[in-house]
1. Cross-link partners among aspartates and glutamates for Lys220, C-alpha distance below 15 Å, same-chain residues fewer than 8 apart left out?
2. Per residue of region 84-94, in order, report the coupling 6.51 cos²θ - 1.76 cosθ + 1.60 (Karplus, θ = phi - 60°) as ³J(HN,Hα) in whole Hz, putting x for Gly and Pro.
3. Cut-off 10 angstrom, C-alpha nodes, Gaussian network model of the chain. Which of Arg196, Arg115, Arg169 fluctuates the most?
4. Give me, ordered by chain and number, the residues 5 or more places off Leu52 or on other chains with an amide H under 5 Å from its own placed amide H.
5. Taking amide H atoms as placed 1.01 Å from N in the peptide plane, list the residues 5 or more away in sequence, or in a different chain, whose amide H sits under 5 Å from that of Phe159.
6. Ranked from the most accessible area to the least, with a 1.4 Å probe and all protein chains present, what is the order of Glu59, Glu270?
7. Roughly how much of Lys56 is accessible, in Å² to the nearest 10, using a 1.4 Å probe?
8. Based on the Cα atoms of region 180-279, what semi-axes does the equivalent ellipsoid have, where each is the square root of 5 times one gyration tensor eigenvalue, given in whole Å with the largest first?
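The values are calculated or read from the model by the stated rules, or taken from the named source; none is laboratory data. Computed from a prediction, not measured in an experiment: that's the story for all the values here. Counting neighbours? That spans all protein chains shown, and the Cβs are built from the backbone with ideal geometry, glycine included. For accessibility, only protein heavy atoms count, side chains too; no ligands or nucleic acids. Shrake-Rupley method; radii C 1.70, N 1.55, O 1.52, S 1.80 Å.
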Amino acid sequence: MQESPLLHRRGIIACLGFMEVIIQPTDESAAALVARIVAHDLRANPHLVLGLATGKTMERVYRQLVRHHQDSGLDFSLCSTFNLDEYVGLFPSDVNSYRHYMDEHLFRRVNIEPRNTHLPNGLASNLDDECRRYEALIQRFGGVDLQLLGIGRAGHIGFNEPLSALRSRTRVKALTPTTLKQNASAFGGEEKVPRRAITMGVGTIIEARRCLLLATGSSKAEVTAQAVEGPITSMVTATALQLHPRCTVVVDEEAAAKLKEKDYYRWIFENEPEWEEYR
Ligand code: F6R
């Protein structure tokens, strides 16, 4: 049987088959490391298809990437981006839309082509069609090379709330009370947060060739420990990353507080050749 080039490439990566955890002293140094990995991959492949996340945690990463662009000419002109999610019902101009967030924090500060930036359209008249269109578009671009991820207090990646199928695709998802609370401050109250969002599915996310999750702060300590060291469960969709052949989790000391195998993770970062240029 003829193997497809994609499967073949994935096969090689799958041989690596592990989740790595890197502990950094502060939220700033953790974000800086994530930005350096993105910059490295973008320099290695200017046509990189980059999966993007929003949220407070990512703001520091985007600040660092803008700095890479300004100080060392990191070139975004050929890369394409796909965001994980977008609220249903918000105009792109709405300050709380994820399109607006991306324009503010990254897109208008670097030399990315606006037409190469993609987010689900939360205003589409037929949301199911829009979800299918988004999935097909990702496929048309050859899939995501590097997917940035945050983690919600409910353990979600994207807006894959508890009980999202681990093989789910892009779809409309109702947000949990925990997520509504987490995101309330930006909207000036929980009741103003849209109840639904379009999100890449867990299955969509873990098809990315590489996943890179950043978690910082003590509010993420419990859920990070569950995601990395707990049993795989749709109650904490970030646990699906344990199935991924190449997932790197970067945490600061506060978010690492409840991890059991910290010494092991530190040893790997200090000794494995893969991390030499990042130490
Ligand atoms: C946002 C997203 C979410 C966030 C997560 C963490 O696009 O996909 O999964 O990454 O909710 O958000 P913060 O960083 O605000 O705690």
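1. Asp27, Glu229, Asp252, Glu253, Glu254
2. Per-residue couplings from phi come out as 5, 7, 7, 5, 7, x, 9, 6, x, 6, 4 Hz.
3. Arg115
4. Close amide H contacts, sequence-distant or interchain: Phe82, Asn83, Leu84, Leu148.
5. Long-range HN contacts for Phe159: Met200.
6. On the way: Glu59 45, Glu270 110 Å².
Ranked list, largest accessible area first: Glu270, Glu59.
7. Probe radius 1.4 Å; accessible area of Lys56 about 150 Å².
8. Numbers: eigenvalues 156, 62, 35 Å².
Working through the eigenvalues yields semi-axes of 28, 18, 13 Å.
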